[in-house]
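Heads up: the structure comes next, in structure tokens.
The values are calculated or read from the model by the stated rules, or taken from the named source; none is laboratory data. Predicted model, so just to flag it, every value in this text is computed and none were measured. No Cβ is skipped: glycine too gets one built from the backbone with ideal geometry, and neighbour counts run over all protein chains shown.
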Amino acid sequence: MRALLQRVSRASVKIDGQTISEIGKGLLILVGVGHEDRENQAMFLAEKIANLRIFEDQQGKTNLSILDVKGEAIVVSQFTLYADSRKGRRPSFTDAALPELAEPLVNQFVELLRGHGVPTQTGQFGAHMLVEIHNDGPVTIWLDTSSGKRRSSSSQKRSSDHWSTVSSSEHCT
């Protein structure tokens, strides 16, 4: 699963001009589901997000979680987080799970987040939505449960399929 978190001072979701979700201080969470994702990924993300310290304390340090600040969340399903645009000019979405897997897993993620004590509203799965955010900071965090492997920046190279970081000891002319 992938999640893009945006710390917001407020956010809302509208469908056909009608507001279906609206929050003050908290997180707008875009969630994407991949083919291999299951309940354990949803559990990991819900716990991680509920306790992630990305809100400022009285000294201005990002030391507080959404629970600490009594914030709220809006979760919006976003299959485009699985876009693959390495080749061509039209992104491929073949890595995104089909709705039959994605929708129940997104719903489960929402319930898990609520279970951690985060008041959570949602968008509408599969609908065309107008998502309005007031990004606070701005603070935007990317979470991806699909890979436990980390690549060392000194070992990454540019390949014909994708861009990677080049070691600072290498020079480009």
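A few comments on the model shown:
- Residues of the range 83-97 classified as in contact (Cβ under 8 Å) with a residue 24 or more places away in the chain and either part of a loop (DSSP other than H, G, I, E, B) or surrounded by fewer than 16 Cβ atoms within 10 Å (Cβ to Cβ) (or both), total: 4
- Among the residues making up the range 41-82, a single one is without any contact (Cβ under 8 Å) to a residue 12 or more places away in the chain and in contact with a Ser or Thr (Cβ under 7 Å, 6 or more places away or on another chain): E56.
- Only one of the numbered conditions (1) at pLDDT 95 or above; (2) on the phi > 0 side of the Ramachandran plot; (3) not charged (D, E, K, R) is not met by G88, and that is (1).
- Members of the range 96-122 that are farther than 14 Å from V31 by Cα and charged (D, E, K, R): E100, R114
- The range 31-64 - residue that is touching a helix residue (DSSP H, G or I) at 6+ places or on another chain (Cβ under 7 Å) and surrounded by fewer than 20 Cβ atoms within 10 Å (Cβ to Cβ) and, of those, nearest to D136 (Cα to Cα): M43
- For T122: the one exception among (1) free of Cβ contacts under 8 Å to residues at least 24 places away in the same chain; (2) surrounded by 15 or more Cβ atoms within 10 Å (Cβ to Cβ); (3) not small (G, A, S): (1)
- Picking from residues in the range 1-18 that are surrounded by fewer than 21 Cβ atoms within 10 Å (Cβ to Cβ) and more than 22 Å from K70 (Cβ to Cβ), the one that is nearest to the chain's Cα centre (by Cα) is L4.
- The residue list V166, V76, V106, V69 contains one member that is surrounded by 14 or more Cβ atoms within 10 Å (Cβ to Cβ), part of a loop (DSSP other than H, G, I, E, B), of a type in the set (A, V, I, L, M) and modelled with pLDDT of 95 or more, which is V69.
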